[in-house]
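Q: Sharing a structure below in structure tokens format, with a few things to ask.
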Amino acid sequence: MKKYLGVKMIEAEPLNLGDYNKLKGWEIPANEDPKTEGYKVVYPDGYVSWSPKPIFEEVYRQTQNLTFGLAIEALKKGEKVARSGWNGKSMFVYLVKGNEVRRENLRNEADKHISKEFGLVKLCPHIDMKAADGSIVVGWLASQTDMLSDDWEIIK
């Protein structure tokens, strides 16, 4: 059997098993303890479930104090992320999805360097940064410190 690593954005709140069963309108089975600690979990499609506390806390992390890898996964899901340790508090990075544009519509001086015979130019996906001064850094590159830090957070 193959192994899988799941990455998804959910909402959750602490809720014991007994209260979850009441929420669902179910009777708690005699062999289950209603005081069992856990979490009510709401998935993006609205599906609601319950997870025991040890399993939930092993699988899920809050959206702050993330590793760089989890920050990248959040970027892939369309979120903006930043390091809490960055000096500019309004700074964040975001993923720009690739697309094709007409050469003459490129937003920078690239069309001066691309042969006129190309009608469409493929722009590859990349990460941009909104800097503290409001400027956009196109093609932002993470430093070693950024990649090894665990202070990444999802920005609202």
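The values are calculated or read from the model by the stated rules, or taken from the named source; none is laboratory data. All values derive from a computational prediction rather than experimental measurement. With ideal geometry, Cβ positions are generated from the backbone for all residues, glycine too; neighbour counts draw on all protein chains shown.
Q: Which of the strands (runs of 3 or more DSSP E) contained wholly in region 1-76 include at least 2 residues that are under 26 Å from F92 (Cα atoms)?
A: Fully inside region 1-76 and qualifying: 11-14.
Q: Checking the structure you have, find out if any residue of region 89-100 is within 20 Å of L141 (Cα to Cα), touching a strand residue (DSSP E or B) at 6+ places or on another chain (Cβ under 7 Å), acidic (D, E) and outside any helix (DSSP H, G or I).
A: Scanning region 89-100 turns up no residue that is within 20 Å of L141 (Cα to Cα), touching a strand residue (DSSP E or B) at 6+ places or on another chain (Cβ under 7 Å), acidic (D, E) and outside any helix (DSSP H, G or I).
Q: Among (1) surrounded by 13 or more Cβ atoms within 10 Å (Cβ to Cβ); (2) outside the structural domain of L141 (by TED's automatic domain parsing); (3) not hydroxyl-bearing (S, T, Y), which single condition is I55 missing?
A: In the conditions (1) surrounded by 13 or more Cβ atoms within 10 Å (Cβ to Cβ); (2) outside the structural domain of L141 (by TED's automatic domain parsing); (3) not hydroxyl-bearing (S, T, Y), I55 misses (1) alone.
Q: For K89, which of the numbered conditions (1) more than 21 Å from the chain's Cα centre (by Cα); (2) in the same structural domain as L148 (by TED's automatic domain parsing); (3) not small (G, A, S) fails to hold?
A: Here K89 clears every test but (1).
Q: Follow-up. Against the definition (assigned by TED's automatic domain parsing to the domain that holds S135 and at pLDDT 95 or above), how does Y94 come out, yes or no? Don't jump to the end; show me each part of the working.
A: Numbers: assigned by TED's automatic domain parsing to the domain that holds S135: yes; at pLDDT 95 or above: yes.
Answer is yes for this residue.
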